[in-house]
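Okay, so here's the structure we're looking at.
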Amino acid sequence: MPVWKLHGNGRTVEPGAVVRPDERLNWPATIAVGVQHVVAMFGATFLVPVLTGFPVSTTLLFSGIGTLLFLLVTRNKLPSYLGSSFAFIAPVTAATASAGMGSALAGIVAVGVLLAAIGFVVQFAGIGWIDKLMPPVVAGAIVALIGFNLAPVAWDSYQQQPLPATITLAAVILFSVMFRGFLGRISIVLGVVVGYLVTVVLQLVTGEQLIDFAPVADAAWIGLPEFHLADFASPGTWSVIAMFLPVVLVLIAENVGHVRGVATMTDPSVNRSTGRALIADGAATTLAGAFGGSGTTTYGENIGVMAATRVYSTAAYWVAGSAAIVLSLSPKIGAVFNTIPPGVLGGVTTALYGLIGIIGIKIWVDNRVDFSRPVNQYTAAVSLVMAIAGFTMVWGEFSLGPIVLGAAAALVIYHLGNLVARLRKTGADDGGPIPAVGQLGGDPLDSDPR
């Protein structure tokens with residue numbers, strides 16, 4: 001069991017100081033901070049399985065286990081919560097529709113194994129090669145295309161119940177501009193609550209069944225989550241796996257950005273844990289995918305909590321991970337989340353998927369990508385159109401979807417275009433370091449780790 005030094009008097013954070021990863025407040029205060037982390041991660045973590053049709057309780061279980069595994073692999077030096085990654089939504093949705101849940105889980109496992117392998121390389125060789133492979137214009141394009149590719153999915157849900165969807169979307173936007181700090185960071189969760197309550201009222205007024213509460217009444221209070229095994233034997237699995245591979249680039253950006261954010265606010269030596277962070281997230285994603293959970297990533301929502309509280313103690317994350325595991329052992333909680341109506345999901349995903357795309361654009365803005373250079377223009381332009389239009393290439397039973405094609409286009413156009421531009425001296429792009437991928441929503445003054 002890890003041991004932490006007590007920070008100051010154990011009750012408050014000393015002026016101008018932060019509670020470092022190897023420190024903690026007294027246990028009541030540490031537990032309170034840990035609960036805040038649970039609340040901060042909960043909205044995003046439960047949305048991913050709800051949107052992809054995965055069991056909520058199973059995802060929550062492996063989210064908690066993954067967090068504890070992350071702390072162990074990083075030797076208790078890097079505070080982070082591993083929640084469901086939105087980058088998996090598009091490939092999981094497509095894979096489940098075409099080949100089933102087992103094949104989608106195999107894709108998640110493949111991403112986890114590859115991410116862990118990259119982590120081992122980074123641990124021994126450093127991260128400079130990733131900076132060169134995926135400069136800001138490429139990283140931004142890949143993150144953006146994953147979000148924008150999901151636009152038709154949001155519309156399919158929205159049009160099923162337009163009124164609740166519109167009210168949900170309006171609530172998300174209103175809360176995000178009305179509140180700062182913690183409430184601003186959970187504006188998506190608040191919007192879901194408002195939309196859900198509105199749908200309940202509409203059901204009472206109209207008599208139309210918009211939400212089926214029978215599964216909630218039938219579910220037990222205590223029980224094991226529902227497990228599913230990854231399927232590598234089905235013929236379509238290996239074709240499906242290809243569409244998951246671009247997600248690895250997003251997870252690298254998220255993990256590297258998380259480590260750099262924590263290092264900026266605590267100790268530069270934390271950057272030495274980058275390789276271990278990638279290994280840990282890869283292992284957690286592999287474990288989750290093998291048994292029916294969603295792929296994981298470090299969470300910007302929890303960076304926001306740390307920035308607001310100035311508590312970077314890993315002790316709080318042991319509390320948060322353990323609490324998530326306990327919550328996952330209640331099937332009734334999972335049943336409640338499964339009753340969220342399609343209109344509410346349509347409203348919230350209209351905002352959510354757009355925000356994923358905007359994060360990619362934010363990477364361009366933050367890193368001052370020069371779009372006067374043709375190589376940057378076409379890297380972004382071609383990859384985004386491929387993703388939004390749904391470009392697909394099929395060879396027999398093997399196919400490449402829009403995310404794979406868009407990500408491949410961004411990489412090929414940038415690197416080959418740059419090679420030609422350097423040879424011809426027509427204005428190559430110098431790239432730059434891999435950017436930090438920001439969180440979805442929230443108060444930028446309180447949550448931006450840079």
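Here 131, 156 are screened, and the one residue that is modelled with pLDDT under 90, open to solvent by 40 Å² or more (accessible area, probe 1.4 Å) and either on the phi > 0 side of the Ramachandran plot or among the acidic types (Asp, Glu) (or both) is 156. Only one of the listed residues (113, 121) is of a type in the set (A, V, I, L, M, F, W, C), over 21 Å from the mean Cα position of the chain (by Cα) and open to solvent by 40 Å² or more (accessible area, probe 1.4 Å). That residue is 121. So for region 1-8 (the condition being in contact with a Ser or Thr (Cβ under 7 Å, 6 or more places away or on another chain), open to solvent by less than 20 Å² (accessible area, probe 1.4 Å) and touching a residue at least 60 places away in the same chain (Cβ under 8 Å)), does at least one residue qualify? No, region 1-8 contains no residue that is in contact with a Ser or Thr (Cβ under 7 Å, 6 or more places away or on another chain), open to solvent by less than 20 Å² (accessible area, probe 1.4 Å) and touching a residue at least 60 places away in the same chain (Cβ under 8 Å).
Residues in region 213-226 that are surrounded by 13 or more Cβ atoms within 10 Å (Cβ to Cβ) and either free of Cβ contacts under 8 Å to residues at least 24 places away in the same chain or of a type in the set (Phe, Trp, Tyr) (or both): 213 only.
Can you tell which of 289, 293 is in a loop (DSSP other than H, G, I, E, B) and within 30 Å of residue 226 (Cα to Cα)? Before the answer, list the steps.
Numbers: 289 fails: in a loop (DSSP other than H, G, I, E, B).
Only one candidate qualifies: 293.
Counting only residues that are open to solvent by less than 80 Å² (accessible area, probe 1.4 Å) and not small (Gly, Ala, Ser), how many does region 372-391 have? Number satisfying all stated conditions: 9.
So if I check each of 217, 144, which one is farther than 18 Å from residue 47 by Cα and either under 19 Å from the mean Cα position of the chain (by Cα) or of a type in the set (Ser, Thr, Tyr) (or both)? Quick ask: steps written out before the conclusion?
Values: 217 fails: either under 19 Å from the mean Cα position of the chain (by Cα) or of a type in the set (Ser, Thr, Tyr) (or both).
After ruling out the rest, the residue left standing is 144.
Pairing residues of region 321-342 that are at pLDDT below 90 with residues that are of a type in the set (D, E, K, R) and surrounded by fewer than 18 Cβ atoms within 10 Å (Cβ to Cβ), at Cβ distances under 7 Å and at least 6 apart in sequence or on separate chains, gives 339/212.
For residues that are of a type in the set (A, V, I, L, M) and touching a residue at least 12 places away in the same chain (Cβ under 8 Å), scanning just region 353-369, find the one that is farthest from residue 93 (Cα to Cα). Lay out the reasoning, then the answer.
Filtering region 353-369 down to residues of a type in the set (A, V, I, L, M) leaves 355-356, 358-359, 361, 363, 365, 369.
Next, from what is left, pick out any that are touching a residue at least 12 places away in the same chain (Cβ under 8 Å): 355-356, 358-359, 361, 363, 369.
Numbers: 355: 18, 356: 16, 358: 21, 359: 21, 361: 24, 363: 25, 369: 31 Å.
So, considering only residues that are of a type in the set (A, V, I, L, M) and touching a residue at least 12 places away in the same chain (Cβ under 8 Å), the one farthest from residue 93 (Cα to Cα) is 369.
It is to be established whether one or more residues within region 254-274 are open to solvent by 30 Å² or more (accessible area, probe 1.4 Å), under 19 Å from residue 113 (Cβ atoms) and more than 16 Å from the chain's Cα centre (by Cα). No: zero hits. Would you mind telling me which numbered condition in (1) under 30 Å from residue 44 (Cβ atoms); (2) open to solvent by 60 Å² or more (accessible area, probe 1.4 Å) residue 330 fails? Result: residue 330 passes all but (2). Scanning region 19-40 for residues that are outside any helix (DSSP H, G or I) and open to solvent by 40 Å² or more (accessible area, probe 1.4 Å) yields 20, 22, 24, 26.
Answer yes or no as to whether residue 369 is crowded, with 18+ Cβ neighbours inside 10 Å and either over 17 Å from residue 145 (Cβ atoms) or more than 22 Å from the chain's Cα centre (by Cα) (or both). So residue 369 passes the test. State which residue is farthest from residue 4 (Cα to Cα) when the search covers only region 51-93 and only residues that are part of a helix (DSSP H, G or I), open to solvent by less than 10 Å² (accessible area, probe 1.4 Å) and among the small types (Gly, Ala, Ser). Checking each candidate, the answer is 90.
Annotation note: of 302, 271, the sole residue that is assigned to a helix (DSSP H, G or I) and free of Cβ contacts under 8 Å to residues at least 40 places away in the same chain is 271. Select from region 404-446 the residues that are assigned to a loop (DSSP other than H, G, I, E, B) and more than 25 Å from the chain's Cα centre (by Cα) and write down the one among them that is modelled with the highest pLDDT. Of everything passing the filter in region 404-446, 425 is modelled with the highest pLDDT. The residue of region 227-245 that is surrounded by the fewest Cβ atoms within 10 Å (Cβ to Cβ), among those that are over 12 Å from residue 101 (Cβ atoms) and within 21 Å of the chain's Cα centre (by Cα), is 245.
The values are calculated or read from the model by the stated rules, or taken from the named source; none is laboratory data. Small disclaimer: the values here were computed from a predicted structure and weren't measured. As a convention, Cβ positions derive from the backbone with ideal geometry for all residues, glycine included, and neighbour counts pool all protein chains shown. These area figures cover heavy atoms from the full protein model, side chains too; ligands, DNA and RNA do not enter into them. Shrake-Rupley method; radii C 1.70, N 1.55, O 1.52, S 1.80 Å.
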